[in-house]
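To keep things clear, I will list the structure first and then write my remarks on it.
The values are calculated or read from the model by the stated rules, or taken from the named source; none is laboratory data. Note that the structure is predicted; figures quoted are calculated from it, not measured. Heads up, the Cβs are rebuilt from the backbone with ideal geometry, glycines too, and the neighbour counts pull from every protein chain shown. Accessible surface is based on the protein model in full, side chains and every heavy atom, while ligands, DNA and RNA are left aside. Shrake-Rupley method; radii C 1.70, N 1.55, O 1.52, S 1.80 Å.
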Amino acid sequence: MKASRRRVLRFSAGVLAAPLLPASARAAIRLGRSPADELCALSTTKAVQRMRSGQLSAEDYAAALLQRAEERETLNAFLTLDRDQVLEAARNADKLRASGRSPGALHGLPMPVKDSVLTAEYLTTAGTKGFAAHAP
Amino acid sequence: MRDTPVERSAKPMTAASAQADLAFRSAEELVRMLRSREIGCLELLEHYLARIERYDPAINAIVVREFPQARERAASLDGALAHGENIGSLCGLPMTIKESFNLRGTPTTWGLPQFRNNVATTNAAAVERLVAAGAIIFGKTNVPPALRDGQSSNEIYGRTNNPWDLGRSPGGSSGGSAAALAAGLTGLELGSDIGSSIRNPAHYCGVFGHKPTYGICPQRGHTLVETLQSVDIAVIGPLGRSATDLELALSIIAGAEGPEADARPLSLPQARRTELKNFRVALVVDDPFAEVDQAVQERLHALGEFLRHEGAEVALGARPNLDSEQLYILYMTLIGAAASARLSDEQFAQLRERARGVTLATRETAIAEAFGATLTHRDWLGLDEERRRHGREWRAFFERFDLLLCPPLSTAAFPHSTVPPQQRKLLVNGHEVDFENQLFWAGFGGMFYLPASVAPIGFTPDGLPVGVQIIGPQFGDLTCLRFARLLEENYQAFVPPPGFARRTKP
């Protein structure tokens, strides 16, 4: 909280052009973030609320998160990340919602799981060499 | 051998004789009479106490007696009822409990002389609940030493006899419970079961019993020395003269205590079926490892015929695909391990000596229990995993069937024996087998935490009661109990043993 306030102050003092920008961008700049940054900073609760209310598509949300993951590849957080599969799943989630079927509480939410959790679609290595090719 | 498919004759006889004597009525009926003031709490208690005076010398079931305290409580409950107070769902019902439960101010010895002076300072959780529901607990009933036998005889209290034949055992370890109910000496009973201890006494004495799903009834206070852990596979549960009494008692004693009670209130699923004709049951009458006496098999076959006649689906021989001897060894190992915390250091050392050199791979039936008591925690975890894998077979089985019907044990009540159970032989179909092999029938469902009711289904040619074990899916207690009730209403109800049904004068 404190950190972001400090950033807001820095920007208000330094960016004189701000009033000429569109409102959404102004808001983003006030928070010190691009629109994609803003999506990536959403809490899960807010993200699913927006998707449920139609303000945000699962595809846009997934694309923003994937974009961020690529930019921050040096963090080496993901062991498995299949961009196409994630986007396809997101598009399917949007279609399902559009068709009016009542989705679950996390519908459309892209989420990774720790590599110790068994997953049918991905390898589960538990960080051990012995399980390097373990496909449960 | 009678092989009339359906022994309908038992039913009218039952109803008539059970009505003849107040003492043999179901707890449900007695509660109704107490509530309507047809009879007073003290009056009903005195009726049982008079019968105990007269009949218990021959049976020796009620070995701890709290008669003066019970009279006082009965009088006070009568007073409360007279003032229109609601005194609970048991409404002043006189009842007894197995000696192994803590009842404040009475000894809890489990039949072991070294615990002769182990007087309880608190009540067991189930006792608290029964008392809060208005029960008058006027005594405790006999058990074998350490609850480790299929009969009920010990140095402290002596031997309990079966009301159907005094030369035979009422079973154990809840032997006093079943004998007291059959002889009409108490209204309701609370027992416990890790290896058939509710089920075989119910079967041997011709009464109803229910071994609940593991973990749904708190074990607190069913212990010699205060223990906070629960014992694996072990349960507490009711015995009665009617299946409805078991349902009533279960509704009182089931449910967690403390914070868990708020977070996870117990909500058992309703019975799967409400009519016999809709039940899908498997019927197993015999097993190659735990042979069953013909006299018991015949009653089970007759029950199967009756059920078919009623329109139920009866699949003879259908059962989970598990090897009986392997299951038995696993079961004896797990209960050996479960009971090990209670062993004295000397007992533990003896078992360790007996099991020396035995491994998971080499343990056999006779050594499994000693091995189980002394194995490493790692070995136990492996066996527990094995059990859980087998448990999946049972879950799949209960998608296809509602219940599995089988014998509670291999024979009807056996003659008293002074040979320790581990060395005892049992006569089955004319030849001697190891007495404890029949515990297969206890572990078959019990080791997987499954509920099982026992209901009387007729008699051997020698006139000894035979029961059926009704095994249901985990948490399917109400399905077992509903089926038992349907048998009681449509097939056979409790029959009092000859010689105990005469009316006692007040």
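Which listed residue (B:Gly187, B:Tyr331, B:Val131) has the Cα farthest towards the positive end of the charge dipole for the protein assembly as shown, taking +1 on Lys and Arg C-beta and -1 on Asp and Glu C-beta about the Cα centre?
After comparing all options, I get B:Val131.
Name the aspartates and glutamates eligible as straight-distance cross-link partners of A:Lys46: C-alpha to C-alpha under 18 Å, and not fewer than 8 places from it in the same chain.
The reachable aspartates and glutamates, counting only those whose Cα sits under 18 Å from A:Lys46, are A:Asp37, A:Glu38, A:Glu59, A:Asp60, A:Asp94.
How do B:Phe115, B:Phe398 rank by accessible surface area computed with a 1.4 Å probe, from largest to smallest? Write out the running numbers ahead of the final one.
Details: B:Phe115 55, B:Phe398 10 Å².
Per-residue accessible area, sorted high to low, gives B:Phe115, B:Phe398.
What number, rounded to the nearest 500 deg cm²/dmol, is the helix-based mean residue ellipticity at 222 nm of chain B, given -39500 (n - 2.57) per DSSP H run of at least four residues and division by all its residues?
On the way: 16 runs with 189 residues, N = 506.
Counting only the DSSP helices, I get -11500 deg cm²/dmol.
Between B:Gln69 and B:Ala132, what is the label-point separation in nm under the 7 Å Cα-to-beta-carbon projection?
Label-label distance for B:Ala132 and B:Gln69, simple model: 1.9 nm.
Please pull out the direction-averaged projected area of the stretch A:35-111, using the convex hull of its alpha-carbon atoms, in nm² to one decimal place. Show your work: numbers first, answer last.
Working: hull surface 20.2 nm².
For the stretch A:35-111, averaging the hull's shadow over all directions gives 5.1 nm².
If you place +1 on the Cβ of every Lys and Arg and -1 on the Cβ of every Asp and Glu, how big does the dipole about the Cα centre of the protein assembly as shown come out, in debye to the nearest 20? Write down the numbers at each step before the final one.
Details: 71 positive and 71 negative charges, 486 e Å.
My answer is approximately 2340 debye.
Show me B:410-416, B:332-338, A:110-116 ranked by packing, highest mean number of other Cβ atoms within 10 Å first.
Details: B:410-416: 22.0, B:332-338: 23.9, A:110-116: 12.9.
Packing order, densest peptide first, comes out as B:332-338, B:410-416, A:110-116.
Could you check the simple spin-label distance between A:Lys46 and B:Arg280, using points 7 Å along Cα→Cβ, in nm with one decimal?
In this crude label model, A:Lys46 to B:Arg280 measures out at 5.1 nm.
Taking a 30 Å limit on the Cα-Cα distance, which of the listed pairs B:Lys140/B:Lys211; B:Lys211/B:Lys277; B:Lys211/B:Lys425; B:Lys277/B:Lys425 fall beyond it? Don't jump to the answer; show the numbers that get you there.
Values: B:Lys140/B:Lys211 19 Å; B:Lys211/B:Lys277 25 Å; B:Lys211/B:Lys425 26 Å; B:Lys277/B:Lys425 40 Å.
Exceeds cut-off: B:Lys277/B:Lys425.
Highest mean first, how do B:470-478, B:444-452, A:72-80 rank when packing is the count of other Cβ atoms within 10 Å averaged over residues? If you can, show how the numbers build up before the last one.
On the way: B:470-478: 23.7, B:444-452: 25.7, A:72-80: 10.1.
Top to bottom by mean Cβ count within 10 Å: B:444-452, B:470-478, A:72-80.
Give me the distance in nm between label points sitting 7 Å out from Cα along the Cα-to-Cβ direction at A:Glu73 and B:Glu489, one decimal.
That separation, rounded to one decimal, is 7.2 nm.
Can you give me the C-alpha center-to-center distance between the stretch B:146-185 and the stretch B:450-469, rounded to a whole angstrom?
Computed from Cα coordinates, the inter-centre distance equals 17 Å.
Run through all the Cα pairs of the stretch B:142-210 and give the fraction in each 10 Å bin from 0, expressed as whole percent.
27, 59, 13
Under the definition of Cα pairs under 8 Å and six or more residues apart, what whole-number percent is the relative contact order of chain B?
Values: 1152 pairs, mean separation 97.1, N = 506.
Here the relative contact order equals 19 percent.
Quote the convex hull volume per residue of the stretch B:344-395, based on C-alpha atoms, as a whole number of Å³.
On the way: hull volume 4.9 nm³, N = 52.
Given the Cα convex hull of the stretch B:344-395, per-residue volume reads 95 Å³.
Filter the DSSP H helices in chain B by two things, a Kyte-Doolittle mean of at least 0.5 and an axial alpha-carbon span of 18 angstrom or more, and list the hits by number. All intermediate terms of the calculation are to be shown ahead of the outcome.
Numbers: long enough: B:41-59 (26 Å, -0.01); B:67-82 (22 Å, -0.18); B:294-310 (24 Å, -0.66); B:324-339 (22 Å, 1.01); B:377-400 (35 Å, -1.94); B:477-490 (20 Å, -0.10).
Span-like helices in chain B: B:324-339.
Just going by the charge dipole of the protein assembly as shown, with Lys and Arg at +1 and Asp and Glu at -1 on Cβ, which of B:Tyr55, B:Ile236, B:Pro408 is farthest out on the positive end?
Positive-most Cα among the choices belongs to B:Ile236.
Express the relative contact order of the stretch B:324-389 as a whole percentage, based on alpha carbon pairs under 8 Å and six or more residues apart in sequence.
47
Using R₀ = 30 Å, calculate the FRET efficiency as 1/(1 + (r/R₀)^6) where r is the Cβ-Cβ separation of B:Glu305 and B:Asn429; round to 0.05.
Working: r = 21 Å, r/R0 = 0.71.
With a Förster radius of 30 Å, E is 0.90.
Calculate what fraction, in whole %, of the accessible area of the stretch B:120-272 sits on carbon and sulfur atoms when a 1.4 Å probe is rolled over the protein chains.
Details: 2220 of 4350 Å².
On the stretch B:120-272, the fraction of accessible area on carbon and sulfur atoms equals 51 percent.
Sorted by mean Cβ packing within 10 Å, highest first, what order do the peptides B:277-288, B:194-205, B:43-54 take?
Details: B:277-288: 18.2, B:194-205: 32.3, B:43-54: 19.8.
Going by the mean number of other Cβ atoms within 10 Å, highest first, we get B:194-205, B:43-54, B:277-288.
So, with a 1.4 angstrom probe, what is the percent of accessible area on the stretch A:35-111 that is carbon and sulfur? Walk me through the numbers before you get to the answer.
Values: 2540 of 5120 Å².
Carbon with sulfur: 50 percent of the solvent-accessible area.
Aspartates and glutamates near A:Lys129 by alpha-carbon distance under 18 Å, same-chain residues fewer than 8 away left out - which ones?
A:Asp115
Could you give the accessible area per residue of the stretch B:324-389, probe 1.4 Å, as a whole number in Å²?
Value returned for the stretch B:324-389: 56 Å² of accessible area per residue.
Using alpha-carbon pairs under 8 Å, 6+ residues apart, how would you state the relative contact order of the stretch B:179-252 in percent?
Details: 112 pairs, mean separation 28.9, N = 74.
It comes to 39 percent, rounded to a whole number.
Roll a 1.4 Å probe over the protein heavy atoms and report the accessible area of B:Leu439 in Å², nearest 10.
Answer for B:Leu439: close to 30 Å² accessible.
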